[in-house]
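Heads up, the thing below is written out as structure tokens.
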Amino acid sequence: MPLRTIQGLIDGFRAFRETVYPRNRALFDALAHRGQAPKVMMIGCADSRVDPLLITGAGPGDVFVVRNVANLVPPYNPDGRYHGTSAALEFAVRVLGVEHIIVLGHAGCGGVQALLDGSPLAGRSDDFVGAWMTIAEPARVRAVERAPTGAERQRACEHETVKVSLANLRTFPWIAERLAAGTLTLHGWYFDLDGARLMRLDESGAFADV
């Protein structure tokens, strides 16, 4: 069962310190003293059910991970305001020199549901979620054209949201430069927890099982 209490998390850390850490001491020492050098960045959703490292078998130092609501990338807009995802992109690409960026969407995304059906705050003030999800408005429009209602519309919008993020990645000049030079590759992935299916976006614009 998932850990649900603070004490459960503390107990989990104790188990990590007593078992995982000693077995991997050399790796952790190297990461602590030499720093990180991941080749892959992954932009995933903040949803607690979808752990990018767990589902890919990655370990410490393997992947530079950013998680936000609905795995969204905003368009390039250096206006001096707060841009957490864009700042992470800049660090990963321009400082760490990652060679791959994966946008990882998933089934049952609450952010996408809010985009389609309205805020889950039920009449209360929506300070951030609604505005954030407007990034994916083109995804909503395309999904509704294909499937006006139901689960099919939700999945279509989740797929289209990944495509929106990939398109927005290309608006960053230092990403576009590396794409043109062949030193950076973008990937669109989609995970369905029900059945543990991982799909990737192909050149035709469709998602297929890896």
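Overview of results
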| item | result |
| --- | --- |
| Debye intensity ratio I(q)/I(0), log10, the chain, q values 0.18 Å⁻¹ (C-alpha model) | -1.37 |
| Amide H within-cut-off set for Thr185, under 5 Å, with H built and near neighbours excluded | His100, Ile101 |
| Spread of Cα-to-Cα distances over 5 Å intervals beginning at zero, given as percent, for the range 1-51 | 4, 15, 13, 17, 21, 23, 6, 0 |
| Cα gyration tensor shape for the range 1-122, rounded if a/c is under 1.5, else prolate or oblate | oblate |
| Note, ³J(HN,Hα) from phi for the range 5-20, Karplus 6.51, -1.76, 1.60, rounded to Hz, x at Gly and Pro | 10, 4, 4, x, 5, 5, 4, x, 5, 4, 5, 4, 5, 8, 10, 5 |
| Per-residue Cβ neighbour rank within 10 angstrom, fewest leading, Phe128, Phe13 | Phe128, Phe13 |
| The chain - share of DSSP beta bridges that are antiparallel (%, nearest 5) | 30 |
| Calculated [θ] (222 nm, deg cm²/dmol) that DSSP helices of n ≥ 4 give over the chain, each run adding -39,500 (n - 2.57) | -11500 deg cm²/dmol |
| Spacing of the two label points (7 Å from each Cα toward its C-beta) at Lys39 and Arg94, in nm | 2.5 |
| Interchain or long-range residues, amide H under 5 Å from Arg197's placed H | Asp192 |
| Qualifying trypsin sites (Lys or Arg not before Pro) for the range 117-205 [loop in DSSP, other Cβ within 10 Å: at most 10] | Arg124 |
| Distance in nm between pseudo-label sites at Val20 and Glu203 (7 Å out along the Cβ direction from Cα) | 3.9 |
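Coordinate-derived values only; no laboratory data. The shown structure was predicted, so the numbers you read here are calculated from the model rather than taken from an experiment. Heads up, the Cβs are rebuilt from the backbone with ideal geometry, glycines too, and the neighbour counts pull from every protein chain shown.
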